[in-house]
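Single-structure report; data block below.
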Amino acid sequence: MGDLQEGMTDMTEIKLSGAEILLKSIEAEGVDTIFGYPGGMALPIYDALYDSGIRHILGRHEQGVAHAADGYARATGRPGVCLATSGPGATNLVTGLANAFMDSIPIVAITGQVTRPSLGRDSFQEADITGITMPITKHNFLVKEPAELARTVKEAFYIATTGRPGPVLIDVPSDISLSQIDYEPPYEINLPGYKPAPDTDARQINKAAEAIADARRPLIYAGGGVIISGAHDELLRLAETLAAPVTCTLMGMGGFPGSHPLFLGMLGMHGTKYANFAVSECDLLIAVGARFDNRVTGKLETFASKAKIIHIDIDPAEIGKNVKVDIPIEGDVKAVLDQLLAVLRPNLAEAWREKINAWKKEYPLKYCNSGNIKPQYVIEEIYNITGGNARITTEVGQHQMWAAQYYSFSKPRSFITSGGLGTMGFGLPAAIGVQVGCPDEVVFDIAGDGSIQMNIQELCTAVNYDLPINVAILNNGYLGLVRQWQEMFYNRRYSHSELFNPDFVKLADAYGAVGIRVTRKEELAPALQRAIQLKKPVMLDIIVDKEDNVLPIVPPGGSLDKMLG
Amino acid sequence: MKHILSVLVENNPGVLTRIAGLFSRRGFNIDSLAVGMTENSSVSRMTIVVEGDERYLEQLNKQLHKLVDVIKISDITRDAYVDRELVLIKVSADAARRAEIMQLVDIFRARIVDVSPKTLTIEITGNDGKIIAFEDSLRPFGIKELVRTGKIAMLRGKKASTKNHTNKEEEES
Ligand SMILES: Cc1ncc(C[n+]2csc(CCOP(=O)(O)OP(=O)(O)O)c2C)c(N)n1
Ligand SMILES: [Mg+2]
């Protein structure tokens, strides 16, 4: 490479193919790894990849590829890149993009497209993927001219990673990938309508500081924005300065140390009782990078009904969307907290903390650890054996909620879960992306027996690339969360929620991974230990209590202070 | 209350779909929508009439701003403005009633743009009030077809509602 480059006297005279320019432009963004799956209209790009320095991880399904890019982005904070062909390849990305969109994850997705002359004629494997993904991407592009390619890539990365991050798709007709054109970097972005972050109004900071000084019962409600913004230290300082309790959303887990005395765990539908009581009783709610999702608020009319609300968010459209806000603060969470900390005075609301500590004592998260293996116990054991230092991904269901409740997350980007979309099948491919991004760390996918079958093919990817992920299936023989709702809200009519499952150990074996079945409590710790020590892809089939429920629970649409269990 | 939003957008393919899609998926209603080129060929102007309270408008405004292709939004109704709409009306007009209709056309300063043995096609421009009044007076004759362009609007005086090359930042200050 070095020699070659020295030989090139004038870069502007070099003709490159569109595909080469595409890859060069991606590399120029600092990307060294992409996740993809080839096909006809992506072949020019794959041909260029053959000679490129970019590492390509071949998934086994485009949904897996998108989730892997997503997991990579969540774990590293860098944008994840995925590549697919036109038509079915592109439509298979859709769930992955929607998932990333809901959780504000930076992904750049590149799809091959039929040639420009064939567009709009229902050509073989043509799908209007920019049309399809408009509502589930932050922005998307259909490249119409080879000369636009490099700038488009630059703009896509800029949009994906700045402000409130999100997925951006670039659709590249194959004749553009094949065209030979001059490569003349650098390209400037031209986005007159894009403003990543609003300016923070200093007056609002002062208003917030006043409200905080007046509060007797302040509560901090932190969401995924804290992690995206890298504001965990600022959050900790805010909480400690005010001695104010902190509750996190599912997406916010890891943004505040799980073992901290001021931490109340998660709030909302499966939140702790004390977190939800605190929301109902607080007189000041400081929402930090959170968006008042209905799984968090329950019935809106009674949510934090005694409180003034301060809402800090980088996306102005989130402020006032679901609840009326008293003190809106637009801006990047980290920068806003910094400014706020500069003017804050300590406010030690003793009585409030005593009340909360009494709730904590009276209503702890609890389960009965006798008889069969309890799913909650499995999570606690994974915590113990990994010293709380693993990167945890999850699928969606009861096991996901138990992971949030019983694994005490101490670091940002350590809990990687599908929050907004709730996508079963996310955890395994996400774990692959996490392991690619963090090769030296222990990665666990906490899975359900239902969810794991939605992207099980990605086990092959893990084996293929020697990615030592650990999949812990909490096998309850049910679509457990569905069964729980049927038990509680549909008169125990278990309509199509019981599962017939394959032999997961044999399945792991067939893929070339290690399968370990755990049926007794005393086998669990040694099995987990062995899985980690093997440094290979491992799938643990852990047979747990069949009909355990995630508790406490706020019935859908109910008030947070009316919890069952 | 009705609001007229003047939205300056990049003239990219799909921009209309993006805006229409945003309205439908977030449950905003469009009363009328008119799209056209501006003095700058890379920029189009959409005049969108919507009805809703402050909170509704604020949310709509913020969501529209998030579209990368949206350069600037101004709520024209917050200032003094002029608005116009062009309407074509085909009305039944046999020989006996033709004179009567032509009198109305005169009164409303409308124009006859096409004539057939049984119908007249009339063009009228104006604001809502005038158009509704005209439509009401023609109804007894039998309106066979009616097409409206949707409203376009501009601020009064020297202020430009959507000057080119202004961005969201300037608009907010
Ligand atoms: C793709 C997708 N389809 C359906 C659902 C609805 N759903 C939510 S949880 C769940 C059951 C999950 O079962 P399992 O993976 O075994 O986890 P468990 O609840 O038993 O722990 C279902 C079907 C979903 N979230 N995602
Ligand atoms: Mg299950």
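Read-outs throughout are calculated quantities, based only on the coordinates presented, and are distinct from any laboratory measurement. The structure displayed is predicted, hence computed values, not measured ones. Don't worry about glycine lacking a Cβ; one is built from the backbone with ideal geometry, like all the others, and counts go over all protein chains shown.
Overview of values
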| item | result |
| --- | --- |
| Between helix B:54-66 and chain B: long-axis angle, C-alpha atoms, 0 to 90°, nearest 10 | 70 degrees |
| Where chymotrypsin sites (Phe, Trp or Tyr not before Pro) fall in DSSP loop in the range A:65-163, at most 15 other Cβ within 10 Å | A:Phe124 |
| Contact order relative to length of chain A, as percent, for alpha carbon pairs under 8 angstrom and 6 or more apart | 14 percent |
| Net charge, A:Gly419 excluded, C-beta distance under 15 Å - Lys, Arg +1, Asp, Glu -1 | 0 |
| Fewest-first ranking of A:Asp545, A:Asp171, B:Asp31, using other Cβ atoms within 10 Å as the exposure measure | B:Asp31, A:Asp545, A:Asp171 |
| Above-threshold pairs, the threshold being 29 Å between Cα atoms, out of A:Lys138/A:Lys308; A:Lys374/A:Lys506; A:Lys334/A:Lys361 | A:Lys138/A:Lys308; A:Lys334/A:Lys361 |
| Antiparallel %, DSSP beta bridges [both residues in chain A], to 5 | 5 percent |
| Span from the the range B:58-126 Cα centroid across to the the range A:281-359 one, whole angstrom | 48 Å |
| Global geometry of the range A:2-182, whether rounded, prolate or oblate, following the gyration tensor of its Cα atoms and the 1.5 cut on a/c | oblate |
| Shape call, the range A:97-192: gyration tensor on alpha carbons, a/c limit 1.5 | oblate |
| Pairs of alpha carbons in chain A whose separation is greater than 29 Å (percent) | 56 percent |
| Anchor B:Lys90: lysines whose Cα lies under 27 Å away (excluding residues fewer than 8 positions away in-chain) | B:Lys118, B:Lys130, B:Lys144, B:Lys151 |
| Value at 222 nm in deg cm²/dmol, rounded to 500, when DSSP H runs of n ≥ 4 in chain A each add -39,500 (n - 2.57) | -11000 deg cm²/dmol |
| Residues A:Met251, B:Met102, B:Met1 arranged by fewest to most Cβ contacts within 10 Å | B:Met1, B:Met102, A:Met251 |
| Net +/- balance of residues flanking A:Gly265 in space, Cβ distance below 12 Å, scoring K and R +1, D and E -1 | +2 |
| Other protein chain Cβ atoms within 10 Å, averaged over every residue that makes up A:192-202 | 5 |
| Packing-based exposure ordering (other Cβ within 10 Å, fewest first) of B:Ser32, A:Ser451, A:Ser370 | A:Ser370, B:Ser32, A:Ser451 |
| Proximal lysines to A:Lys144, defined as alpha-carbon separation beneath 23 angstrom and excluding residues fewer than eight positions away on the same chain | A:Lys15, A:Lys24, A:Lys154 |
| For chain B, projected area of the alpha-carbon convex hull averaged over all directions, nm² | 11.8 nm² |
